[in-house]
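The values are calculated or read from the model by the stated rules, or taken from the named source; none is laboratory data. Here the structure is a predicted model, which is why all the values come from computation and not from measurement. Ideal geometry is used to build each Cβ from the backbone, glycine not excepted, and the neighbour counts take in all protein chains shown.
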């Protein structure tokens with residue numbers, strides 16, 4: 001059971017050390033994955049934007065989960081605030097600067113099991129050309145055959161915080177909040 005939990009946590013990350021044991025490769029399913037960014041809008045509301053169509057590959061070593069890894073890439077133009085005018089502003093140099101920085105990446109560096117179906121994952125998030133470490137709290141959801149695709153599937157939920165000024169995204173501070181909450185739900189198929 002512990003190896004299964006570690007395996008689920010590895011989807012978001014672990015070191016890239018090579019192992020003599022078999023490794024399985026999983027592809028993130030963008031249609032069943034969502035990455036939400038939430039930030040305070042002057043205390044009036046919490047704005048939620050979504051990073052659509054994530055692309056990523058998870059290499060999972062079942063015998064030695066610490067040897068597993070993940071690389072996730074998002075097109076910054078796929079940041080969606082659910083409105084054409086708002087998206088234009090999000091894509092501008094005030095926020096995600098999609099012309100100069102077309103991709104956002106996350107690369108795992110380590111994983112730690114913290115309890116039953118729980119763990120933390122450390123990885124490097126590169127946003128607008130700046131790379132900073134990010135810690136995600138992860139809950140393992142399920143592993144097994146998807147009855148529709150008939151493919152082995154792993155799923156989990158994760159959350160974390162980033163400070164947008166760490167990435168020099170400081171437009172409208174402090175009215176638009178400093179802390180951005182990341183809420184992630186991922187399915188990946190073998």
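Key figures
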| read-out | value |
| --- | --- |
| Boolean, residue 152 is modelled with pLDDT under 95, in contact with a strand residue (DSSP E or B) (Cβ under 8 Å, 6 or more places away or on another chain), farther than 22 Å from residue 47 by Cβ and surrounded by fewer than 16 Cβ atoms within 10 Å (Cβ to Cβ) | yes |
| Which listed residue is assigned to a strand (DSSP E or B) and closer than 21 Å to residue 57 by Cβ, from 126, 120 | 126 |
| Matching entry among 137, 170 (being surrounded by fewer than 17 Cβ atoms within 10 Å (Cβ to Cβ), in a strand (DSSP E or B) and free of Cβ contacts under 8 Å to residues at least 40 places away in the same chain) | 137 |
| Candidates 90, 74 - the one that is in contact with a strand residue (DSSP E or B) (Cβ under 7 Å, 6 or more places away or on another chain), assigned to a strand (DSSP E or B) and either buried (at least 20 other Cβ atoms within 10 Å of the Cβ) or at pLDDT 95 or above (or both) | 74 |
